[in-house]
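Everything on this sheet refers to the single structure shown next.
The values are calculated or read from the model by the stated rules, or taken from the named source; none is laboratory data. If you're wondering where the values come from, they're calculated on a predicted model, not measured in any experiment. Cβ placement follows ideal geometry from the backbone for every residue including glycine, while neighbour counts extend to all protein chains displayed.
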């Protein structure tokens, strides 16, 4: 099957429809088994940022999990993480502790980037990922 035979699918969980409508981006795009997940941030269902890096990381990973499930994959299928941090050195221990709860083994490739700002002034961390559906099966 060639790449032309694999349609591009937008992945939009119902809980993220408002973000899709307001900001015009898909939470994920799937082509074949490949899934590219847009940056997930640490906001709750009422669009309020979590308090501190740990809580924001947890909310971002829960968002990642939701998008992947909607795309027919799971956290075990993640092959690459890219994370953005407004205090890369200061918050890394708290972030890594949460990350390791979601990825306790078979770690994906990971790049952490320090940045001066994210979409909202209260945001401390953003997580984006690439996954290959089905590759996480042991």
Filter pass, residue 65 being modelled with pLDDT of 95 or more, out of contact with any strand residue (DSSP E or B) (no Cβ under 7 Å at 6 or more places or on another chain) and under 19 Å from residue 13 (Cα atoms): yes
Residues satisfying the stated conditions in the range 77-93, i.e. buried (at least 18 other Cβ atoms within 10 Å of the Cβ) and in a helix (DSSP H, G or I): 77, 91
Per-region count, the range 42-61, residues more than 15 Å from residue 17 (Cα to Cα) and surrounded by 15 or more Cβ atoms within 10 Å (Cβ to Cβ): 12
Residue under evaluation residue 59, criteria (1) outside any helix (DSSP H, G or I); (2) within 23 Å of residue 87 (Cα to Cα); (3) out of contact with any helix residue (DSSP H, G or I) (no Cβ under 9 Å at 6 or more places or on another chain), criterion not met: (1)
Scan of the range 103-120 for residues that are under 15 Å from residue 49 (Cα atoms), surrounded by fewer than 16 Cβ atoms within 10 Å (Cβ to Cβ) and at pLDDT 95 or above, ordered by number: 117
Per-region count, the range 96-138, residues touching a strand residue (DSSP E or B) at 6+ places or on another chain (Cβ under 6 Å) and closer than 20 Å to residue 43 by Cα: 12
All positions within the range 64-74 that are part of a helix (DSSP H, G or I), in contact with a helix residue (DSSP H, G or I) (Cβ under 8 Å, 6 or more places away or on another chain) and either more than 16 Å from residue 107 (Cα to Cα) or in contact (Cβ under 8 Å) with a residue 40 or more places away in the chain (or both): 64, 66, 67, 68
Residues of the range 1-50 classified as out of contact with any helix residue (DSSP H, G or I) (no Cβ under 9 Å at 6 or more places or on another chain) and not in a strand (DSSP E or B), total: 17
Search result, residues across the range 11-48 that are modelled with pLDDT of 95 or more and more than 15 Å from the chain's Cα centre (by Cα): 31, 32, 33
Condition check for residue 100: at pLDDT 95 or above and either in a loop (DSSP other than H, G, I, E, B) or surrounded by fewer than 17 Cβ atoms within 10 Å (Cβ to Cβ) (or both): yes
Where residue 110 falls short, out of the listed (1) more than 17 Å from residue 27 (Cβ to Cβ); (2) more than 13 Å from the chain's Cα centre (by Cα): (2)
